[in-house]
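Undergrad: One structure is given below, represented as C-alpha cells, and several questions about it will come after.
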C-alpha cells in the first residue's frame, strides 16, 4: 500500500491542475471568509493542504504579507512556486503531513479546504484537533471546508469523511466558538457538482476561575 505522501507525489507528478476535481481558478468562498473577519494585512495566515491552490495568489493580491502554505507533497509546492515566480519568496512553505505538523508559531487565521476530510480515523482527527489548538492564537480564526453529507465519499482514490454543520461544530465546540457555516457547491473542471460544508470558528480562551 502506498504511503499518503507517495500517493500525493504521484498525483501531482502525473496530472495538471485542470485534472484535479478540487481545482478553482479563484477560491471565492475562502476569500469571502477572509473578508468576513476584516483581517488586517499583517494577519498571520496558514493554508493547510494548500499545495498549488490559488488561495495564496488571492491572498497576495489582497495585500496579505504573512502567509504560510503547508502540504504533504513537495511536487505540489514546487508547482505553486513556479506559478508564483518571484512572489514565492514571500511565502513560508512547509512540506509536512498535517498529522505530523508541530507548529513553531501560532497563527491568526487557519484555513483548510483540502486536508481535514482525508482524516478518516479517530486517531487522525484527535491529532488534528490538538494541532489546531496548538497552532491558533486566542481570538484567532479557523475556516474548514470539507465534503458535506451530500458530497463525494472518495477523492483522488482515497476515502474521505463527510461532515455536516452539526458534526463539524461538535468537534471544535470545546475550544472554539462557531461563527458561520454554509453549504457550497463546487463545480469541478469536468462540470460536475460537489457539495461542501464550510464552517468558521474563533478560538476562545478558557478563563481560570
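Every read-out reported here was derived from the displayed coordinates using simple, explicitly stated rules and does not represent laboratory data. Since the structure is predicted, the reported quantities are computational estimates derived from the model, not experimental observations. Positions of Cβ are backbone-derived with ideal geometry, glycine not excepted, and every protein chain shown enters the neighbour counts.
Undergrad: If you wrap a convex hull around the Cα atoms of the range 17-101, how much volume per residue is inside, in Å³?
TA: Looking at the range 17-101, the number lands at 98 Å³ per residue.
Undergrad: By per-residue mean of other Cβ atoms within 10 Å, what is the highest-first order of 79-91, 61-73?
TA: Result, highest mean Cβ count within 10 Å first: 61-73, 79-91.
Undergrad: Further question on the same structure: Would you mind calculating the gained length between residue 13 and residue 129 on full extension (0.36 nm times residue separation, minus the Cα-Cα distance), in nm to one decimal? Don't skip to the end; give the middle numbers.
TA: Details: separation 116, 0.36 × 116 = 41.76 nm, distance 3.04 nm.
Gain on extension, residue 13 to residue 129, equals 38.7 nm.
Undergrad: Return, ordered by residue number, the residues of the range 103-131 whose backbone nitrogen is under 13 Å from a label point located 7 Å along Cα→Cβ of residue 195.
TA: none
Undergrad: Taking the beta-carbon count within 10 Å as an exposure proxy, list 199, 181 from fewest neighbours to most.
TA: If I rank by nearby Cβ atoms, fewest first, I get 181, 199.
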